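None of the figures in this text is laboratory data; all of them are computed from the coordinates on show. This is a predicted model, so every value here is computed, not measured. Cβ coordinates were reconstructed from backbone atoms using ideal geometry, including for glycine residues, and neighbour counts include every protein chain displayed.
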Amino acid sequence: MKTIFIVDDNETNRMMAKNALDGTYKTFTLPSAAKMFKLLEKITPDLILLDVDMPETDGFGAISILKANEKLKSIPVIFLTAKNDAESEIHGFEMGALDFINKPFSAPVLIKRIETHIETDKQIKKSQQVVRDLHNVTLRIIANMVESRDTITGGHIERTQAYLEILLNALISAGIYENEMSDWDKTVLLPSAQLHDVGKIKVSDLILNKPGKLTAEEFDLIKQHSIDGERIIDEIISQTKDDGFLLHAKRFAGAHHEKWDGTGYPRGLKGEDIPLEGRIMAIADVYDALVSERPYKKPFTHEQAVQIIKDGSGTHFDSKIVEAFLTVAEDFWAELVRIAG
Ligand SMILES: [Fe+2]
């Protein structure tokens with residue numbers, strides 16, 4: 001059953017809408033925008049019926065907050081209004097409302113209109129999903145092409161993406177960087193991480209696959225992949241309207257080799273100046289490099305890798321993220337074993 005939030009400061013109105021919709025939909029009645037935002041932390045409804053005139057945050061204020069939030073902006077909103085003035089209706093549509101329903105409403109009309117909007121929304125989301133899948137597959141192919149030039153690090157992209165998801169869940173359940181991540185959408189964020197090493201496309205195969213230690217000069221060329229990755233993604237950004245996915249991708253690419261104490265590259269950023277995506281990816285990336293075999297080193301054991309990351313807490317890595325990592329480190333290993341199949 002589809003879920004609908006009914007947000008209205010007037011109890012009679014809430015009850016009328018609830019009585020009309022109960023049975024057809026699962027409803028939640030909420031007396032204020034603040035209560036609505038509280039419940040949105042736990043439940044994502046299929047539609048919101050939002051009163052325009054409310055004390056404190058009114059309907060227009062509430063919809064502008066919804067539309068500015070990556071996670072909430074796709075929830076369809078219908079305004080319930082007692083006023084019948086064209087100007088505020090146009091304003092509402094411009095802010096992203098799907099429709100206006102005048103109070104008092106007739107129950108069958110309310111149900112019918114909601115039905116139509118939910119059906120339309122379903123169709124739109126379906127076609128968005130098709131585009132998103134196509135997008136993700138294309139990126140996966142590009143990322144794999146870049147990775148396949150580099151015979152040393154096979155499977156790195158798939159593993160780091162899996163580690164990232166584990167680490168992200170650990171941060172969320174511990175409430176670490178809750179505000180910073182409040183509008184992150186995992187389904188957007190995780191695939192964007194696949195591009196973190198895309199800049200390696202510009203590094204010569206001879207250096208990427210050199211058996212043995214790199215010279216300082218060669219290492220400088222490898223280091224360029226952070227900035228080059230950022231540039232490649234910037235070029236895509238300049239040619240599209242994407243506002244979420246590619247920005248995350250850019251931060252992953254540009255910041256995953258920065259270190260907490262400022263000794264990383266490419267910019268030598270310090271502490272929280274390093275984009276959070278980069279600080280999270282640093283742990284996933286280093287863990288994977290440690291437990292993988294390289295021509296110049298044997299793989300470290302899981303325990304050694306965990307110890308090295310622990311030792312790097314507060315110098316190489318953000319100690320809050322290390323703390324979360326330590327609670328799920330075993331899951332990293334389990335994922336590595338699973339992917340190795
Ligand atoms: Fe990298």
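Structure data summary
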| quantity | calculated |
| --- | --- |
| With Cα atoms, 0 to 90° folded angle of helix 216-239 axis to the chain main axis | 20 |
| Proximal charge balance of Asp273 [Cβ under 14 Å; K/R count +1, D/E count -1] | -1 |
| Cut-off 12 Å between beta-carbons: net charge of the residues surrounding Asn13, Lys and Arg +1, Asp and Glu -1 | -2 |
| Protection-proxy order for peptides 4-11, 56-63, each taking the mean of Cβ atoms within 10 Å per residue, highest first | 4-11, 56-63 |
| Chain lengthening between Met1 and Ile43 when straightened (0.36 nm per residue, less Cα-Cα) | 13.7 nm |
| Cα convex hull of segment 222-341, projected area averaged across orientations, nm² | 8.5 |
| Residue-count net charge about Ala143 - beta-carbon cut-off 12 Å; Lys, Arg +1, Asp, Glu -1 | -1 |
| Contour excess over end-to-end distance, with Cα ends at Glu303 and Glu178 and 0.36 nm allotted per residue | 42.1 nm |
| Within segment 255-341, chymotrypsin sites (Phe, Trp or Tyr not before Pro) in DSSP loop having at most 11 other beta-carbon neighbours inside 10 Å | Tyr296 |
| Where the Cα pairs of segment 3-123 fall when distances are cut into 10 Å bins, in % | 14, 52, 33, 2 |
| Where only C-alpha atoms are counted, convex hull volume of segment 149-305 per residue in Å³ | 122 |
| Principal axis dimensions, segment 50-100 - Cα atoms, whole angstrom, descending | 31, 22, 13 |
| For q = 0.09, 0.12, 0.13 Å⁻¹, Debye-computed log10 I/I(0) when each Cα of the chain counts as one equal scatterer | -0.61, -0.90, -0.99 |
| Förster radius 22 Å - calculated FRET efficiency between Lys125 and Lys35 (Cβ-Cβ, nearest 0.05) | 0.25 |
